[in-house]
Amino acid sequence: MLGHLFTVAVKEWGLGLAYNPVLNVRRPAPGPGRNRRLDADEEMRLFAAVDSHSNPMLRWIARIAIETGMRSSEIITLRRNQIDLVRRIVRLLETKNTQPRTVPLSTIATALFKEALDHPIRPIDTDLIFFGEPGKDGKRRPYNFNKVWMDIKRSVGCEDFHFHDLRHEAVSRLVEAGFSDQEVSAISGHKSMQMLKRYTHLRAEDLVAKLDKLKS
């Protein structure tokens, strides 16, 4: 962010510098990242609570997250014209990496989107898939589920499980299912293969299983 500001200042505002000084600053190496996974019991308890919530949008959002690996910001800002149920894809126009991408949908994710789009409570004054109540200005904004998510995960004993961990879980499952790094990157939107290195231990575990099969 700071580097971009200096670039604009030098090129557009005539800051008086010959070049962007931030370009010479060595960036710190990225950390290992979180590696929080859901075990079977946690997943059962968490989604039982999510499914029983009075607002069905919470269930749709959470289950779509673990099915697709999309970020929460990508999911809650989706609009009708981004969903293609026939081709089973979602077109993301604005992402964290600023690069549009097309996300393939599993049969479960497709069914969830269809249920959300066909729900009888859907108002006609918004094309948002996941919407909140109208604000003081009369406009609807994306559904804000932060508080209810915090309450639910606390109630089922998963206080340390972040909503973003659903994305990590989804990507981990793609790796475990045998998807290549390129395929995983295309689905998840990871900008570089370096960012997928945190999942390489999963491939190593798969190789152990394959080695065992050689002797069987």
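List of remarks:
- Electrostatic tally near R91: other residues with Cβ closer than 9 Å to its Cβ, Lys and Arg +1, Asp and Glu -1, net 0.
- Prolate/oblate/rounded label for the range 145-215 (Cα gyration tensor, a/c 1.5): oblate
- Here the range 41-135 is treated with +1 on each Lys and Arg Cβ and -1 on each Asp and Glu Cβ, and its dipole about the Cα centre works out to around 360 debye.
- Kirkwood Rh (inverse of mean 1/r, distinct Cα pairs), the range 40-215, angstrom: 17.6
- Separation of alpha-carbon centers, the range 159-191 and the range 53-104, rounded to whole Å: 14
- In the range 85-182 the Cα-Cα distances spread across 5 Å bins starting at 0 as 2, 9, 12, 18, 22, 19, 12, 4, 1, 0 percent of all pairs.
Values quoted throughout were computed directly from the atomic coordinates according to the rules given, and no laboratory measurement underlies them. Here the structure is a predicted model, which is why all the values come from computation and not from measurement. Using ideal geometry, Cβ is built from the backbone for each residue, glycine included, and neighbour counts are taken over all protein chains shown.
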